[in-house]
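Below is one structure, written out as C-alpha coordinates; the observations come after it.
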Amino acid sequence: MLEYPSPSQGASLILAFRPRKILIIGSGPLAAGDACDELKWRASQGQITLSNWTALIPSASTSAADPDEIAGLEKFLDDTPGISLACITDTAVRPHRRSRESCERVYRTLKARNIQVNSTDVPELCDFTFTSTHRVADSVLQIGVTTNGQGCRLSSRLRRDIVSKLPPTAAAAVRNVGQLRALAKREGLKACDDLDEDGHDEIEEDSAVSTPNRPVPTRSSTETETESTRRRMKWVAQVSEYWPLSKLASLAPDDMTALLEGRVPETPLTQSLMSLALTPTPTHDLPNSKRGRIFLVGSGPGHPSLLTQATHTVLTRLADLVLSDKLVPDAVLALIPKSVEIRIAKKFPGNAEGAQMEMMEAAIEAANRGLTVVRLKQGDPVVYGRAGEEVLYFRAHGLEPLVIPGVSSALAAPTFANIPVTQRGAAESFTVCTGVGRRGKEITLPAYERARTLVILMGVARLAQVVDALVAADAGARRQGTAYPGHTPVAIIERASMPDQRVVTSTLRDVVQALESSGEQRPPGMIVVGWSVLCLYGKGDTGVLEEGAEKGDEGRVERWLAGGRWRVEEGVDPSWELLNV
(Lines give C-alpha, C1' and ligand atoms only; values in the text may rest on other atoms or scores of the structure.)
Protein backbone atom coordinates (compact mmCIF):
# COMPACT_ATOMS: atom_id res chain seq x y z
CA MET A 1 0.00 0.00 0.00
CA LEU A 2 1.34 3.41 -0.98
CA GLU A 3 2.24 5.87 1.74
CA TYR A 4 2.20 9.65 1.47
CA PRO A 5 3.71 12.35 3.68
CA SER A 6 1.49 13.53 6.53
CA PRO A 7 0.27 17.12 6.15
CA SER A 8 2.02 19.68 8.32
CA GLN A 9 -0.28 21.56 10.69
CA GLY A 10 -0.29 25.31 11.22
CA ALA A 11 -0.21 26.56 7.63
CA SER A 12 -2.98 27.77 5.33
CA LEU A 13 -4.12 27.30 1.78
CA ILE A 14 -3.34 30.62 0.09
CA LEU A 15 -5.73 31.54 -2.70
CA ALA A 16 -6.00 34.33 -5.23
CA PHE A 17 -9.74 34.83 -4.76
CA ARG A 18 -12.08 37.23 -6.56
CA PRO A 19 -15.21 37.50 -4.38
CA ARG A 20 -18.44 38.90 -5.79
CA LYS A 21 -19.35 40.85 -2.66
CA ILE A 22 -17.68 41.38 0.73
CA LEU A 23 -19.68 42.38 3.82
CA ILE A 24 -17.82 44.49 6.39
CA ILE A 25 -19.62 44.72 9.74
CA GLY A 26 -18.73 47.49 12.18
CA SER A 27 -20.51 49.23 15.07
CA GLY A 28 -19.87 52.56 16.74
CA PRO A 29 -19.06 55.42 14.34
CA LEU A 30 -19.71 53.34 11.21
CA ALA A 31 -23.14 52.13 12.36
CA ALA A 32 -24.03 55.62 13.52
CA GLY A 33 -23.56 56.91 10.01
CA ASP A 34 -20.27 58.57 10.97
CA ALA A 35 -18.25 56.78 8.30
CA CYS A 36 -14.83 58.15 7.47
CA ASP A 37 -14.40 60.48 4.53
CA GLU A 38 -12.85 57.81 2.30
CA LEU A 39 -15.79 55.43 2.79
CA LYS A 40 -18.27 58.20 2.14
CA TRP A 41 -16.40 59.16 -1.04
CA ARG A 42 -16.26 55.55 -2.28
CA ALA A 43 -19.96 55.16 -1.55
CA SER A 44 -20.67 58.31 -3.58
CA GLN A 45 -18.68 56.76 -6.46
CA GLY A 46 -20.73 53.56 -6.36
CA GLN A 47 -17.74 51.46 -5.26
CA ILE A 48 -19.28 50.38 -1.94
CA THR A 49 -22.68 50.47 -0.22
CA LEU A 50 -23.10 51.79 3.33
CA SER A 51 -25.98 50.33 5.37
CA ASN A 52 -26.98 51.98 8.68
CA TRP A 53 -28.12 49.44 11.27
CA THR A 54 -28.33 51.92 14.14
CA ALA A 55 -31.91 51.08 15.02
CA LEU A 56 -30.97 47.45 15.46
CA ILE A 57 -27.87 47.91 17.65
CA PRO A 58 -28.11 48.73 21.41
CA SER A 59 -27.50 52.40 21.96
CA ALA A 60 -24.97 52.02 24.77
CA SER A 61 -22.96 48.98 23.75
CA THR A 62 -23.09 45.53 22.21
CA SER A 63 -21.98 43.71 25.32
CA ALA A 64 -24.77 41.17 24.83
CA ALA A 65 -26.04 39.57 21.70
CA ASP A 66 -29.06 41.53 20.49
CA PRO A 67 -31.76 39.47 18.74
CA ASP A 68 -32.89 42.62 16.92
CA GLU A 69 -29.45 43.03 15.40
CA ILE A 70 -29.45 39.41 14.20
CA ALA A 71 -32.92 39.87 12.73
CA GLY A 72 -31.69 42.98 10.94
CA LEU A 73 -28.64 41.12 9.66
CA GLU A 74 -30.77 38.23 8.37
CA LYS A 75 -33.08 40.67 6.56
CA PHE A 76 -30.06 42.40 5.04
CA LEU A 77 -28.67 39.05 3.85
CA ASP A 78 -32.06 38.15 2.35
CA ASP A 79 -32.05 41.41 0.41
CA THR A 80 -28.36 41.19 -0.60
CA PRO A 81 -27.60 37.85 -2.30
CA GLY A 82 -24.13 36.86 -3.54
CA ILE A 83 -22.02 37.74 -0.49
CA SER A 84 -18.86 35.59 -0.52
CA LEU A 85 -16.94 36.85 2.52
CA ALA A 86 -17.75 38.75 5.70
CA CYS A 87 -15.46 40.65 8.04
CA ILE A 88 -16.50 41.48 11.62
CA THR A 89 -14.24 44.44 12.34
CA ASP A 90 -15.61 45.94 15.55
CA THR A 91 -14.26 43.28 17.90
CA ALA A 92 -11.12 45.39 18.44
CA VAL A 93 -12.45 48.97 18.33
CA ARG A 94 -13.12 51.00 21.48
CA PRO A 95 -15.35 52.41 22.86
CA HIS A 96 -17.94 50.42 20.89
CA ARG A 97 -16.22 47.03 20.95
CA ARG A 98 -18.48 44.09 20.11
CA SER A 99 -18.68 41.44 22.82
CA ARG A 100 -17.57 37.84 22.29
CA GLU A 101 -21.18 36.64 22.66
CA SER A 102 -22.41 39.08 20.02
CA CYS A 103 -19.57 38.13 17.67
CA GLU A 104 -20.42 34.44 18.02
CA ARG A 105 -24.09 35.15 17.23
CA VAL A 106 -23.17 37.09 14.07
CA TYR A 107 -20.63 34.44 13.09
CA ARG A 108 -23.18 31.62 13.36
CA THR A 109 -25.74 33.61 11.36
CA LEU A 110 -23.26 34.13 8.52
CA LYS A 111 -22.00 30.54 8.58
CA ALA A 112 -25.57 29.26 8.34
CA ARG A 113 -25.60 30.87 4.87
CA ASN A 114 -22.21 29.40 3.91
CA ILE A 115 -20.49 32.78 4.13
CA GLN A 116 -16.83 32.62 5.17
CA VAL A 117 -16.02 34.93 8.09
CA ASN A 118 -13.05 36.84 9.48
CA SER A 119 -13.43 38.19 13.03
CA THR A 120 -10.77 40.73 13.97
CA ASP A 121 -8.59 39.51 16.87
CA VAL A 122 -10.80 36.45 17.43
CA PRO A 123 -8.87 33.69 15.60
CA GLU A 124 -11.21 30.89 16.66
CA LEU A 125 -14.04 32.70 14.82
CA CYS A 126 -12.05 33.10 11.62
CA ASP A 127 -12.45 30.91 8.56
CA PHE A 128 -9.77 32.89 6.73
CA THR A 129 -7.17 35.57 7.33
CA PHE A 130 -5.70 38.24 5.09
CA THR A 131 -2.14 38.25 3.80
CA SER A 132 0.05 41.31 3.98
CA THR A 133 -0.37 42.29 0.35
CA HIS A 134 1.44 44.50 -2.13
CA ARG A 135 0.21 45.19 -5.64
CA VAL A 136 2.83 46.43 -8.05
CA ALA A 137 1.65 49.75 -9.44
CA ASP A 138 -0.36 49.60 -12.67
CA SER A 139 -0.05 45.82 -12.94
CA VAL A 140 -1.79 42.57 -11.99
CA LEU A 141 1.26 41.35 -10.05
CA GLN A 142 0.56 40.90 -6.33
CA ILE A 143 2.76 39.66 -3.49
CA GLY A 144 1.16 38.26 -0.33
CA VAL A 145 2.83 37.13 2.91
CA THR A 146 1.24 35.51 5.95
CA THR A 147 2.60 34.33 9.30
CA ASN A 148 -0.74 32.59 10.00
CA GLY A 149 -1.53 34.84 12.92
CA GLN A 150 1.90 34.68 14.54
CA GLY A 151 2.96 38.24 13.75
CA CYS A 152 1.04 40.70 11.59
CA ARG A 153 3.70 43.38 11.83
CA LEU A 154 6.37 40.86 10.89
CA SER A 155 4.29 39.86 7.84
CA SER A 156 4.36 43.48 6.71
CA ARG A 157 8.10 43.71 7.20
CA LEU A 158 8.77 40.51 5.28
CA ARG A 159 6.47 41.68 2.51
CA ARG A 160 8.36 44.98 2.24
CA ASP A 161 11.68 43.12 2.07
CA ILE A 162 10.42 40.82 -0.69
CA VAL A 163 8.95 43.70 -2.69
CA SER A 164 12.19 45.67 -2.43
CA LYS A 165 14.02 42.80 -4.13
CA LEU A 166 11.60 42.47 -7.05
CA PRO A 167 13.32 43.19 -10.38
CA PRO A 168 12.05 46.44 -11.90
CA THR A 169 11.00 44.51 -15.00
CA ALA A 170 8.79 42.01 -13.12
CA ALA A 171 5.48 43.80 -13.72
CA ALA A 172 6.15 44.30 -17.43
CA ALA A 173 7.17 40.65 -17.75
CA VAL A 174 3.88 39.53 -16.14
CA ARG A 175 1.89 41.81 -18.45
CA ASN A 176 3.64 40.54 -21.57
CA VAL A 177 3.36 36.87 -20.63
CA GLY A 178 -0.37 37.41 -20.08
CA GLN A 179 -0.68 38.93 -23.54
CA LEU A 180 1.42 36.12 -24.98
CA ARG A 181 -0.88 33.51 -23.39
CA ALA A 182 -3.95 35.21 -24.81
CA LEU A 183 -2.34 35.40 -28.23
CA ALA A 184 -1.37 31.72 -28.07
CA LYS A 185 -5.03 30.76 -27.59
CA ARG A 186 -6.28 32.63 -30.64
CA GLU A 187 -7.05 30.81 -33.84
CA GLY A 188 -5.00 31.12 -36.98
CA LEU A 189 -1.45 30.94 -35.61
CA LYS A 190 0.83 28.04 -36.49
CA ALA A 191 1.98 25.72 -33.72
CA CYS A 192 5.48 26.30 -32.48
CA ASP A 193 6.76 22.84 -31.53
CA ASP A 194 5.98 19.15 -31.85
CA LEU A 195 5.56 17.55 -28.45
CA ASP A 196 3.66 14.63 -27.08
CA GLU A 197 1.62 14.91 -23.88
CA ASP A 198 4.71 14.53 -21.70
CA GLY A 199 6.67 17.21 -23.52
CA HIS A 200 8.90 14.76 -25.42
CA ASP A 201 10.25 15.37 -28.88
CA GLU A 202 8.38 13.51 -31.63
CA ILE A 203 10.07 15.12 -34.66
CA GLU A 204 11.82 12.61 -36.86
CA GLU A 205 15.26 13.57 -38.19
CA ASP A 206 14.12 14.03 -41.78
CA SER A 207 11.00 16.04 -40.84
CA ALA A 208 12.56 18.72 -38.62
CA VAL A 209 12.96 22.04 -40.38
CA SER A 210 16.02 23.74 -38.93
CA THR A 211 16.89 26.68 -41.13
CA PRO A 212 17.36 30.07 -39.45
CA ASN A 213 14.34 31.42 -41.30
CA ARG A 214 12.10 28.66 -39.91
CA PRO A 215 13.65 27.45 -36.66
CA VAL A 216 10.48 25.77 -35.35
CA PRO A 217 8.81 22.65 -36.81
CA THR A 218 5.59 23.49 -38.62
CA ARG A 219 2.14 22.35 -37.62
CA SER A 220 0.85 19.06 -39.01
CA SER A 221 -1.99 19.38 -41.49
CA THR A 222 -4.00 16.87 -39.41
CA GLU A 223 -3.60 18.81 -36.16
CA THR A 224 -6.78 20.17 -34.61
CA GLU A 225 -7.07 23.71 -33.27
CA THR A 226 -7.15 22.31 -29.73
CA GLU A 227 -3.89 20.47 -30.31
CA SER A 228 -2.38 23.56 -31.90
CA THR A 229 -3.38 25.69 -28.90
CA ARG A 230 -1.90 23.13 -26.52
CA ARG A 231 1.38 23.23 -28.42
CA ARG A 232 1.53 27.00 -28.32
CA MET A 233 0.77 27.06 -24.59
CA LYS A 234 3.66 24.65 -23.94
CA TRP A 235 5.88 27.03 -25.87
CA VAL A 236 4.70 29.93 -23.71
CA ALA A 237 5.44 27.86 -20.58
CA GLN A 238 8.99 27.24 -21.80
CA VAL A 239 9.56 30.94 -22.50
CA SER A 240 8.17 31.87 -19.06
CA GLU A 241 10.50 29.40 -17.36
CA TYR A 242 13.76 30.12 -19.16
CA TRP A 243 13.86 33.63 -20.59
CA PRO A 244 15.27 36.43 -18.43
CA LEU A 245 12.63 38.75 -16.97
CA SER A 246 14.25 41.67 -18.76
CA LYS A 247 13.73 39.97 -22.11
CA LEU A 248 10.12 39.03 -21.31
CA ALA A 249 9.50 42.65 -20.29
CA SER A 250 10.82 43.95 -23.62
CA LEU A 251 8.50 41.86 -25.82
CA ALA A 252 6.58 44.00 -28.29
CA PRO A 253 3.32 42.81 -29.97
CA ASP A 254 5.16 41.99 -33.21
CA ASP A 255 7.73 40.01 -31.21
CA MET A 256 4.96 37.95 -29.61
CA THR A 257 3.39 37.10 -32.95
CA ALA A 258 6.78 36.22 -34.41
CA LEU A 259 7.61 34.08 -31.38
CA LEU A 260 4.43 32.00 -31.64
CA GLU A 261 4.88 31.56 -35.38
CA GLY A 262 8.48 30.42 -34.97
CA ARG A 263 9.95 33.60 -36.43
CA VAL A 264 11.86 34.86 -33.40
CA PRO A 265 14.03 37.80 -34.57
CA GLU A 266 17.75 37.26 -34.78
CA THR A 267 18.46 40.40 -32.74
CA PRO A 268 17.62 40.51 -29.03
CA LEU A 269 14.20 41.82 -28.10
CA THR A 270 15.44 45.19 -26.90
CA GLN A 271 15.21 48.73 -28.17
CA SER A 272 16.11 48.87 -31.84
CA LEU A 273 18.42 51.82 -31.24
CA MET A 274 20.54 49.71 -28.90
CA SER A 275 20.87 47.00 -31.54
CA LEU A 276 21.91 49.58 -34.09
CA ALA A 277 24.42 51.09 -31.71
CA LEU A 278 26.08 47.71 -31.24
CA THR A 279 26.74 47.32 -34.97
CA PRO A 280 29.97 49.09 -35.96
CA THR A 281 29.50 51.40 -38.95
CA PRO A 282 32.53 51.43 -41.27
CA THR A 283 33.80 54.80 -42.47
CA HIS A 284 34.64 53.38 -45.91
CA ASP A 285 33.37 50.76 -48.35
CA LEU A 286 36.53 48.64 -48.30
CA PRO A 287 36.22 45.04 -47.00
CA ASN A 288 36.98 44.59 -43.29
CA SER A 289 40.06 42.37 -43.17
CA LYS A 290 40.14 42.10 -39.38
CA ARG A 291 38.24 39.11 -38.04
CA GLY A 292 36.95 38.86 -34.52
CA ARG A 293 37.37 36.14 -31.94
CA ILE A 294 35.13 33.45 -30.49
CA PHE A 295 35.29 32.26 -26.88
CA LEU A 296 33.51 29.09 -25.77
CA VAL A 297 33.06 29.46 -22.02
CA GLY A 298 31.30 27.68 -19.16
CA SER A 299 29.32 29.63 -16.58
CA GLY A 300 29.39 26.95 -13.88
CA PRO A 301 26.28 25.54 -12.19
CA GLY A 302 24.60 28.94 -11.74
CA HIS A 303 25.92 30.88 -8.75
CA PRO A 304 27.88 33.84 -10.17
CA SER A 305 30.69 33.43 -7.65
CA LEU A 306 31.55 30.11 -9.30
CA LEU A 307 32.55 31.75 -12.57
CA THR A 308 36.23 31.27 -13.31
CA GLN A 309 38.35 34.41 -13.42
CA ALA A 310 38.90 33.87 -17.15
CA THR A 311 35.17 33.62 -17.87
CA HIS A 312 34.45 36.70 -15.74
CA THR A 313 37.08 38.68 -17.65
CA VAL A 314 35.71 37.63 -21.03
CA LEU A 315 32.13 38.50 -20.10
CA THR A 316 32.82 41.82 -18.41
CA ARG A 317 35.75 43.23 -20.43
CA LEU A 318 36.11 41.59 -23.83
CA ALA A 319 32.68 40.60 -25.16
CA ASP A 320 30.88 42.50 -27.93
CA LEU A 321 28.20 39.82 -28.36
CA VAL A 322 27.14 37.09 -25.91
CA LEU A 323 25.30 34.07 -27.30
CA SER A 324 23.90 32.36 -24.21
CA ASP A 325 22.23 29.02 -23.59
CA LYS A 326 18.74 29.32 -22.07
CA LEU A 327 19.69 27.76 -18.72
CA VAL A 328 22.32 30.37 -17.83
CA PRO A 329 20.65 32.25 -14.92
CA ASP A 330 19.93 35.97 -14.74
CA ALA A 331 22.49 36.36 -11.95
CA VAL A 332 25.28 35.55 -14.43
CA LEU A 333 23.81 37.54 -17.31
CA ALA A 334 23.48 40.55 -15.00
CA LEU A 335 27.29 40.77 -14.82
CA ILE A 336 27.52 41.55 -18.53
CA PRO A 337 27.75 45.29 -19.29
CA LYS A 338 24.49 46.74 -20.60
CA SER A 339 26.28 47.91 -23.77
CA VAL A 340 26.88 44.28 -24.78
CA GLU A 341 24.28 42.52 -26.89
CA ILE A 342 22.91 39.28 -25.41
CA ARG A 343 21.01 36.65 -27.38
CA ILE A 344 19.38 33.64 -25.73
CA ALA A 345 19.32 30.29 -27.55
CA LYS A 346 15.82 29.15 -28.52
CA LYS A 347 16.55 25.54 -27.56
CA PHE A 348 13.10 24.20 -26.75
CA PRO A 349 11.81 20.67 -27.36
CA GLY A 350 11.52 20.09 -31.09
CA ASN A 351 13.91 22.92 -31.92
CA ALA A 352 17.30 21.94 -30.49
CA GLU A 353 19.05 21.35 -33.82
CA GLY A 354 17.67 24.49 -35.45
CA ALA A 355 18.58 26.65 -32.46
CA GLN A 356 22.09 25.17 -32.29
CA MET A 357 22.77 25.98 -35.93
CA GLU A 358 21.27 29.42 -35.49
CA MET A 359 23.71 30.28 -32.69
CA MET A 360 26.74 28.97 -34.57
CA GLU A 361 25.85 30.95 -37.69
CA ALA A 362 25.33 34.08 -35.59
CA ALA A 363 28.78 33.63 -34.03
CA ILE A 364 30.45 33.30 -37.46
CA GLU A 365 28.60 36.31 -38.85
CA ALA A 366 29.56 38.52 -35.88
CA ALA A 367 33.18 37.37 -35.83
CA ASN A 368 33.49 38.12 -39.54
CA ARG A 369 32.46 41.69 -38.68
CA GLY A 370 35.35 41.94 -36.26
CA LEU A 371 33.38 41.42 -33.05
CA THR A 372 34.45 39.41 -30.02
CA VAL A 373 31.82 36.69 -29.53
CA VAL A 374 31.29 34.79 -26.30
CA ARG A 375 29.40 31.53 -26.59
CA LEU A 376 28.14 31.13 -23.02
CA LYS A 377 27.15 27.68 -21.78
CA GLN A 378 26.13 26.33 -18.39
CA GLY A 379 28.55 24.22 -16.38
CA ASP A 380 31.59 23.17 -18.39
CA PRO A 381 31.22 23.65 -22.15
CA VAL A 382 32.57 20.21 -23.06
CA VAL A 383 30.47 18.19 -20.56
CA TYR A 384 27.34 17.58 -22.65
CA GLY A 385 27.55 21.17 -23.83
CA ARG A 386 28.07 20.39 -27.55
CA ALA A 387 31.24 22.48 -27.50
CA GLY A 388 33.03 19.97 -29.73
CA GLU A 389 30.51 20.44 -32.53
CA GLU A 390 30.98 24.19 -32.35
CA VAL A 391 34.77 23.96 -32.33
CA LEU A 392 34.70 21.92 -35.54
CA TYR A 393 32.09 24.18 -37.15
CA PHE A 394 34.01 27.38 -36.36
CA ARG A 395 37.29 25.80 -37.50
CA ALA A 396 35.70 24.81 -40.82
CA HIS A 397 34.84 28.48 -41.28
CA GLY A 398 38.37 29.64 -40.58
CA LEU A 399 37.95 30.61 -36.90
CA GLU A 400 39.71 28.83 -34.04
CA PRO A 401 37.76 29.37 -30.81
CA LEU A 402 39.30 29.49 -27.36
CA VAL A 403 37.58 27.04 -25.00
CA ILE A 404 37.55 28.19 -21.36
CA PRO A 405 36.64 25.45 -18.85
CA GLY A 406 33.88 25.98 -16.32
CA VAL A 407 32.91 24.39 -13.03
CA SER A 408 30.89 21.37 -14.13
CA SER A 409 27.49 20.93 -12.53
CA ALA A 410 28.21 17.17 -12.55
CA LEU A 411 30.64 17.81 -9.68
CA ALA A 412 29.38 21.06 -8.15
CA ALA A 413 25.69 20.15 -7.83
CA PRO A 414 26.30 17.04 -5.68
CA THR A 415 28.61 19.12 -3.49
CA PHE A 416 25.85 21.69 -2.95
CA ALA A 417 23.60 18.78 -1.94
CA ASN A 418 26.22 17.50 0.58
CA ILE A 419 26.97 14.50 -1.65
CA PRO A 420 30.60 13.66 -2.50
CA VAL A 421 30.90 11.83 -5.81
CA THR A 422 33.87 9.95 -4.29
CA GLN A 423 34.35 9.19 -0.61
CA ARG A 424 36.64 6.78 1.15
CA GLY A 425 34.53 3.88 2.39
CA ALA A 426 31.51 4.75 0.22
CA ALA A 427 32.46 5.51 -3.40
CA GLU A 428 35.75 4.73 -5.11
CA SER A 429 34.80 6.09 -8.55
CA PHE A 430 32.08 7.95 -10.38
CA THR A 431 30.57 7.90 -13.84
CA VAL A 432 28.83 10.78 -15.62
CA CYS A 433 26.34 10.00 -18.38
CA THR A 434 23.31 11.50 -20.07
CA GLY A 435 19.77 10.31 -19.46
CA VAL A 436 18.66 10.72 -23.05
CA GLY A 437 20.28 10.22 -26.44
CA ARG A 438 19.97 12.32 -29.58
CA ARG A 439 16.39 13.18 -30.51
CA GLY A 440 14.99 11.54 -27.39
CA LYS A 441 16.38 8.06 -27.99
CA GLU A 442 17.16 5.84 -25.02
CA ILE A 443 20.78 5.17 -24.12
CA THR A 444 22.55 2.28 -22.42
CA LEU A 445 23.10 3.05 -18.74
CA PRO A 446 26.00 1.63 -16.69
CA ALA A 447 25.59 -1.52 -14.59
CA TYR A 448 25.39 -1.43 -10.81
CA GLU A 449 28.67 -1.27 -8.93
CA ARG A 450 28.44 -0.78 -5.19
CA ALA A 451 31.58 1.37 -5.01
CA ARG A 452 30.59 3.72 -7.85
CA THR A 453 28.51 6.91 -7.94
CA LEU A 454 26.42 7.40 -11.07
CA VAL A 455 25.66 10.99 -12.12
CA ILE A 456 22.97 11.27 -14.81
CA LEU A 457 22.53 14.62 -16.53
CA MET A 458 19.41 15.57 -18.53
CA GLY A 459 17.40 12.64 -17.17
CA VAL A 460 14.98 14.12 -14.65
CA ALA A 461 12.24 14.71 -17.24
CA ARG A 462 12.43 10.97 -18.03
CA LEU A 463 12.95 9.79 -14.46
CA ALA A 464 10.52 6.87 -14.64
CA GLN A 465 12.19 5.42 -17.75
CA VAL A 466 15.67 5.93 -16.27
CA VAL A 467 14.75 4.21 -13.00
CA ASP A 468 13.13 1.31 -14.84
CA ALA A 469 16.27 0.85 -16.95
CA LEU A 470 18.40 0.74 -13.80
CA VAL A 471 16.33 -1.70 -11.71
CA ALA A 472 14.58 -3.91 -14.29
CA ALA A 473 15.80 -7.49 -14.40
CA ASP A 474 15.23 -7.62 -18.18
CA ALA A 475 16.49 -4.14 -19.11
CA GLY A 476 18.12 -5.52 -22.26
CA ALA A 477 20.06 -2.88 -24.19
CA ARG A 478 18.97 -0.16 -21.76
CA ARG A 479 21.56 -1.26 -19.16
CA GLN A 480 24.98 -2.83 -19.49
CA GLY A 481 24.87 -5.48 -16.74
CA THR A 482 23.83 -5.99 -13.12
CA ALA A 483 20.57 -4.35 -12.02
CA TYR A 484 20.51 -1.80 -9.21
CA PRO A 485 18.83 -2.85 -5.95
CA GLY A 486 15.57 -1.00 -5.33
CA HIS A 487 16.88 0.36 -2.01
CA THR A 488 19.86 2.09 -3.67
CA PRO A 489 20.00 5.75 -2.49
CA VAL A 490 19.27 8.40 -5.12
CA ALA A 491 19.10 12.20 -5.17
CA ILE A 492 17.36 14.56 -7.58
CA ILE A 493 19.20 17.90 -7.52
CA GLU A 494 17.44 20.83 -9.18
CA ARG A 495 18.62 24.42 -9.71
CA ALA A 496 21.90 23.62 -7.97
CA SER A 497 23.65 26.58 -6.27
CA MET A 498 20.66 28.90 -6.82
CA PRO A 499 18.43 30.27 -4.02
CA ASP A 500 15.57 27.96 -5.11
CA GLN A 501 17.73 24.83 -5.14
CA ARG A 502 15.77 21.68 -4.27
CA VAL A 503 17.16 18.25 -3.36
CA VAL A 504 14.85 15.22 -3.24
CA THR A 505 16.53 12.17 -1.69
CA SER A 506 14.99 8.72 -1.68
CA THR A 507 15.62 5.25 -3.06
CA LEU A 508 15.25 4.00 -6.60
CA ARG A 509 12.13 2.19 -5.40
CA ASP A 510 10.36 5.42 -4.34
CA VAL A 511 12.08 8.31 -6.10
CA VAL A 512 9.54 8.66 -8.94
CA GLN A 513 6.70 9.09 -6.47
CA ALA A 514 8.87 11.34 -4.31
CA LEU A 515 9.51 13.75 -7.17
CA GLU A 516 5.88 13.75 -8.25
CA SER A 517 4.77 14.61 -4.70
CA SER A 518 7.25 17.51 -4.51
CA GLY A 519 5.51 19.73 -7.04
CA GLU A 520 6.51 20.90 -10.49
CA GLN A 521 10.03 20.29 -11.69
CA ARG A 522 12.70 22.99 -11.51
CA PRO A 523 15.10 22.57 -14.44
CA PRO A 524 17.96 22.14 -14.78
CA GLY A 525 18.19 18.97 -12.74
CA MET A 526 20.30 15.85 -12.39
CA ILE A 527 20.13 12.39 -10.87
CA VAL A 528 22.79 11.03 -8.50
CA VAL A 529 22.65 7.29 -7.75
CA GLY A 530 24.76 5.34 -5.27
CA TRP A 531 25.80 4.98 -1.65
CA SER A 532 27.66 8.28 -1.64
CA VAL A 533 24.23 9.95 -1.52
CA LEU A 534 23.81 9.07 2.17
CA CYS A 535 27.42 8.86 3.34
CA LEU A 536 27.71 12.45 4.69
CA TYR A 537 24.18 12.88 6.01
CA GLY A 538 23.96 13.51 9.75
CA LYS A 539 26.63 11.52 11.57
CA GLY A 540 27.68 9.97 8.28
CA ASP A 541 28.04 6.41 7.06
CA THR A 542 31.38 5.45 5.52
CA GLY A 543 31.20 1.73 6.20
CA VAL A 544 29.31 0.93 3.03
CA LEU A 545 32.23 -0.85 1.36
CA GLU A 546 33.22 -3.00 4.30
CA GLU A 547 32.94 -6.74 3.86
CA GLY A 548 29.36 -7.92 4.39
CA ALA A 549 28.03 -4.38 4.70
CA GLU A 550 25.32 -5.03 2.11
CA LYS A 551 23.46 -7.20 4.64
CA GLY A 552 22.60 -4.09 6.61
CA ASP A 553 21.55 -1.92 3.67
CA GLU A 554 17.83 -1.85 4.46
CA GLY A 555 18.53 -0.66 8.00
CA ARG A 556 21.11 1.82 6.73
CA VAL A 557 18.55 3.37 4.40
CA GLU A 558 15.85 3.42 7.09
CA ARG A 559 18.15 5.31 9.48
CA TRP A 560 19.14 7.74 6.73
CA LEU A 561 15.53 8.59 5.85
CA ALA A 562 14.45 8.51 9.52
CA GLY A 563 11.87 5.84 8.76
CA GLY A 564 10.32 7.75 5.87
CA ARG A 565 10.47 7.12 2.15
CA TRP A 566 11.99 10.39 0.98
CA ARG A 567 13.25 13.77 2.10
CA VAL A 568 12.96 17.18 0.41
CA GLU A 569 15.40 20.00 1.19
CA GLU A 570 15.13 23.56 -0.16
CA GLY A 571 17.67 26.34 -0.64
CA VAL A 572 21.42 26.64 -0.19
CA ASP A 573 23.60 27.50 2.78
CA PRO A 574 23.03 31.20 3.61
CA SER A 575 26.81 31.70 3.66
CA TRP A 576 26.75 31.71 -0.13
CA GLU A 577 25.11 35.15 0.07
CA LEU A 578 28.45 36.46 1.35
CA LEU A 579 30.14 35.30 -1.86
CA ASN A 580 27.94 37.10 -4.38
CA VAL A 581 30.09 38.97 -6.88
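The values are calculated or read from the model by the stated rules, or taken from the named source; none is laboratory data. Treat the numbers as computed from the prediction; the structure is a model and nothing was measured. Here the Cβ is made from the backbone with ideal geometry for all residues, glycine too, and neighbour counts use every protein chain on show. For the accessible areas, the whole protein counts, side chains as well, though only heavy atoms, and no ligand, DNA or RNA atoms are used. Shrake-Rupley method; radii C 1.70, N 1.55, O 1.52, S 1.80 Å.
What is the calculated FRET efficiency for Ala477 to Thr422, with r their C-beta to C-beta distance and R₀ = 30 Å, to the nearest 0.05? Approximately 0.55, to the nearest 0.05.
Quick one: grab the alpha carbon gyration tensor of the range 326-386, order the square roots of its eigenvalues as a ≥ b ≥ c, and give me rounded if a/c is under 1.5, else prolate or oblate depending on whether a/b is larger than b/c. It is oblate, given that a/c is not under 1.5 and a/b is not larger than b/c.
Packing here is the average count of other Cβ atoms within 10 Å per residue, and on that basis the peptides 83-90, 466-473, highest first, run 83-90, 466-473. Ranked by the mean number of other Cβ atoms within 10 Å of their residues, highest first, the peptides 406-414, 378-386 come out as 406-414, 378-386. With the Cα gyration tensor of the range 388-526 giving a ≥ b ≥ c as the square roots of its eigenvalues, does the rule (a/c under 1.5 for rounded; else a/b larger than b/c for prolate; else oblate) give rounded, prolate or oblate? The shape class here is prolate. Straightening the chain between Asp79 and Asp254 buys 58.0 nm, computed as 0.36 nm per residue apart minus the Cα-Cα spacing.
Take every DSSP beta bridge whose two residues both sit in the range 296-388; close to 10 percent of them are antiparallel. Normalised per residue, the accessible area of the range 472-523 is 39 Å², obtained with a 1.4 Å probe and no contribution from ligands, DNA or RNA.
For the pair Ile162 and Asp121 in one chain, pulling the backbone fully straight at 0.36 nm per residue adds 12.2 nm over the alpha carbon distance.
Counting heavy atoms of the protein chains only and a 1.4 Å probe, report the per residue accessible area for the range 404-456 as a whole number of Å².
Each residue of the range 404-456 exposes 44 Å² on average to a 1.4 Å probe.
The portion of the accessible surface of the range 368-509 made up by carbon and sulfur, rounded to a whole percent, is 55 (1.4 Å probe; DNA, RNA and ligands excluded).
Pairs with C-alpha atoms separated by more than 30 Å, drawn from the list Lys185/Lys338; Lys185/Lys326; Lys165/Lys247; Lys111/Lys234, are Lys185/Lys338; Lys111/Lys234. Segment Ile22..Ser575, full-extension length gain: 194.5 nm, with 0.36 nm per residue of separation and the alpha-carbon distance subtracted. Legend: calculated FRET efficiency, Thr444 to Arg395, from the Cβ-Cβ distance at R0 = 22 Å, rounded to 0.05, equals 0.10.
Shape verdict for the range 370-419, please, from the Cα gyration tensor: rounded (a/c under 1.5), prolate (a/b greater than b/c) or oblate. Present the calculation step by step, with values, prior to reporting the outcome.
Working: a/c = 4.44, a/b = 2.58, b/c = 1.72.
Judged from the Cα gyration tensor, the range 370-419 comes out prolate (a/c at least 1.5, a/b above b/c).
With all protein chains kept in place, the per residue accessible area of the range 526-581 amounts to 59 square angstrom at a probe of 1.4 angstrom.
In this simple spin-label model, placing a label point 7 Å from the Cα along the Cα-to-Cβ direction at both Ser12 and Asp68 gives a separation of 3.5 nm.
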